[in-house]
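Single-structure report; data block below.
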């Protein structure tokens, strides 16, 4: 991602920890042009702190009127996917060690560009994992920035220039 400072000199730094590729960026207090990318709401994740993820998934399947999708590649280990109609966000139940809560995932074709965009809006990075970044909104909610998960991307996605 090319980032150009509004100052006379080019101010570019590398932060490879943003994702698997090295990309330059500018600090939050500098105005910059970012590489075009897309993002959209991807998923609603229901984090359940309990011993039985199947029981939790069964409750949410009944509550939301969506069957558990045992054949979905995301149904494995601590994760259970609910059937998702086309063009709707994924609903996933996951067993967690932190308190139970609900969070969203934002999918993007450029994780580092999306993280930078959200940081400029006031979000902060909580942790960088192998394939996604956990962030916190200025109002305290946690959410994740993930690679593209749903088919049809970038349909219904925002384009950020």
Virtual spin-label span in nm between residue 139 and residue 96, 7 Å along Cα→Cβ: 1.7
Which of 129, 82 has the fewest Cβ neighbours within 10 Å, and the rest in rising order: 129, 82
Protection-proxy order for peptides 100-108, 68-76, each taking the mean of Cβ atoms within 10 Å per residue, highest first: 100-108, 68-76
Listed peptides 131-139, 88-96 by packing density, highest first (mean Cβ within 10 Å): 88-96, 131-139
For the stretch 42-82 versus the stretch 85-160, the gap between their alpha-carbon centres in whole angstrom: 18
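FYI, it's all coordinate maths here, none of it is from the lab. All values derive from a computational prediction rather than experimental measurement. Note that we place each Cβ from the backbone using ideal geometry, even for glycine, and neighbour counts take in every protein chain shown.
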